[in-house]
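Peer 1: Quick one: this structure, given as structure tokens, is what I'll be asking you about.
The values are calculated or read from the model by the stated rules, or taken from the named source; none is laboratory data. As the structure is a prediction and not an experimental result, all values here were calculated from the model. For neighbour counting, all protein chains shown are included, and Cβ atoms are generated from backbone atoms with ideal geometry for every residue, glycine included. Each accessible area value is taken on the protein alone, full model and side chains, heavy atoms only, with ligands, DNA and RNA left out. Shrake-Rupley method; radii C 1.70, N 1.55, O 1.52, S 1.80 Å.
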Amino acid sequence: MAERKRLVACNWKMNGLRADGVALGRDIAARAREPHRCELLVCPPATLLVLVGEALGDSGVALGGQDCHTEPKGACTGGVSAEMLKDAGCSHVIVGHSERRHACGETDADVRAKTLAAWRAGLVAIVCVGETRVEREAGLAKSVVEAQLTGSLPDAANPENLVIAYEPVWAIGTGLTPTMADIADMHAAIRTRIPSETRILYGGSVNPKNAAEILALEEVDGALVGGASLKPEDLWAITQAAG
Ligand code: PEP
């Protein structure tokens, strides 16, 4: 089986104006020119995609969107299509992030349609799944994630067009993380449901202190990093742990 190269994906969320986005992009690009053994992906807000893409230049760091519309173009005020992301220089797009599933009411069917839109535009879809605290405490974590995978993943998924991000909702931005055993257990369960060689990232309060332990787990192929990805020192420490 081919080695699954580690991926550290940065989700800047709704953070960054032009000056700080460019500065952060340049900082990440400069570090990425130093030896490292994982792939890096930066997902800035839509307004910064082109500028950050220019700042990343030829560093090898990939650019991604944080969401996309299902349609390629048309009457959707405020929408950003997968084709627009591609045109802005993206190779990836995050779909089904819990902040969109929960705050914007996105369903598995919506996530599936967005994944198909990403593929139509030639983008790799990073499909996020994860349980809430209530669901975990009720012993439903695995069944919730399995249902999300069933509902969100189109049939044509393969290791070139899909990355899964397991992100427990209660761990995102809270400083809380599951136990290592729980992360390993969930990743092993996800592995049985997706094409082999497809990467599975862990996301949820990854930081320089916990990265090495999380990234050493067998089916963890990288990290989706929110808050820590806005701090270059922290991001680089996580990247080194991934290598
Ligand atoms: C995220 O936004 O996907 C995320 C994992 O955030 P944080 O690392 O801040 O928990």
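Peer 1: With the alpha-carbon atoms as the only input, what is the per residue convex hull volume for the chain in Å³?
Peer 2: 116
Peer 1: In debye, nearest 20, what is the charge dipole magnitude of the chain about its Cα centre with +1 on Lys and Arg Cβ and -1 on Asp and Glu Cβ, if you could check?
Peer 2: Numbers: 24 positive and 31 negative charges, 58 e Å.
So the dipole magnitude of the chain works out to roughly 280 debye.
Peer 1: Which of VAL134, LEU63, VAL22 sits farthest toward the positive end of the charge dipole of region 18-174, with +1 on the Cβ of Lys and Arg and -1 on the Cβ of Asp and Glu?
Peer 2: VAL22
Peer 1: Which number do you get for Rg(Cα) / (2.2 N^0.38 Å) in region 111-243? Can you show the working numbers first?
Peer 2: Details: Rg = 14.4 Å, N = 133, 2.2 N^0.38 = 14.1 Å.
For region 111-243, the normalised Cα radius of gyration is 1.02.
Peer 1: Give me log10 I(q)/I(0) at q = 0.12, 0.15, 0.19, 0.22 Å⁻¹ for region 1-139, Debye formula, one equal scatterer per alpha-carbon, no solvent.
Peer 2: -0.52, -0.78, -1.12, -1.33
Peer 1: OK, next. Rounded to the nearest whole Å², what accessible area per residue is found for the chain with the 1.4 Å probe? It would help to have the intermediate numbers written out before the result.
Peer 2: Numbers: 10780 Å² over 243 residues.
That works out to 44 Å² per residue.
Peer 1: For a test of understanding, tell me how many lysine pairs in the chain have Cα atoms under 21 Å apart, given they are 8 or more places apart or on different chains. Walk me through the intermediate numbers first.
Peer 2: Values: LYS13/LYS86; LYS13/LYS114; LYS13/LYS231; LYS73/LYS86; LYS73/LYS114; LYS86/LYS114; LYS209/LYS231.
For the chain, qualifying lysine pairs total 7.
Peer 1: If we count every other residue with Cβ under 11 angstrom of VAL206's Cβ, Lys/Arg +1 and Asp/Glu -1, where does the sum land? All intermediate terms of the calculation are to be shown ahead of the outcome.
Peer 2: Details: positive: LYS209; negative: GLU167, GLU213, ASP234.
After counting each charged neighbour, the total is -2.
Peer 1: Right, another one. Taking loop as defined by DSSP and a crowding limit of 14 other beta carbons within 10 Å, which GluC sites (Glu not before Pro) in region 95-170 fit?
Peer 2: GLU160
Peer 1: Could you tell me which GluC sites (Glu not before Pro) in region 175-227 are loop residues by DSSP with no more than 10 other beta carbons within 10 angstrom of their beta carbon?
Peer 2: Values: sites: GLU197, GLU213, GLU218, GLU219; in loops: GLU197, GLU218, GLU219.
Hits after loop and neighbour filter: GLU218.
Peer 1: Could you tell me what percent of the accessible area of the chain is made up of carbon and sulfur, with a 1.4 Å probe and every protein chain present? List each step's numbers first, then the result.
Peer 2: Details: 5690 of 10780 Å².
Of the solvent-accessible surface of the chain, carbon and sulfur hold 53 percent.
Peer 1: Shape call for region 82-177 from the C-alpha gyration tensor, a ≥ b ≥ c root eigenvalues: rounded (a/c under 1.5), prolate (a/b greater than b/c) or oblate?
Peer 2: Because a/c hits 1.5 or more and a/b exceeds b/c, region 82-177 counts as prolate.
Peer 1: Based on Cβ point charges of +1 for Lys and Arg and -1 for Asp and Glu, what charge dipole magnitude is obtained for region 103-243 about its Cα centre, in debye rounded to the nearest 20?
Peer 2: Roughly 220 debye for region 103-243.
Peer 1: Where the centre of each part is set by its Cα atoms, how far does region 148-192 sit from region 38-92, in angstrom?
Peer 2: Between the Cα centres of region 148-192 and region 38-92 lies a distance of 22 Å.
Peer 1: When the helices in the chain are scored as -39500 (n - 2.57) per DSSP H run of 4 or longer and the sum is shared across all residues, what 222 nm value do you end up with, to the nearest 500 deg cm²/dmol?
Peer 2: Values: 10 runs with 93 residues, N = 243.
For the chain, the value works out to -11000 deg cm²/dmol.
Peer 1: Select from ALA228, ALA184, VAL163 the residue farthest towards the positive end of the dipole of region 115-233; place +1 on Cβ of Lys and Arg, -1 on Cβ of Asp and Glu, and compute about the Cα centre.
Peer 2: ALA228
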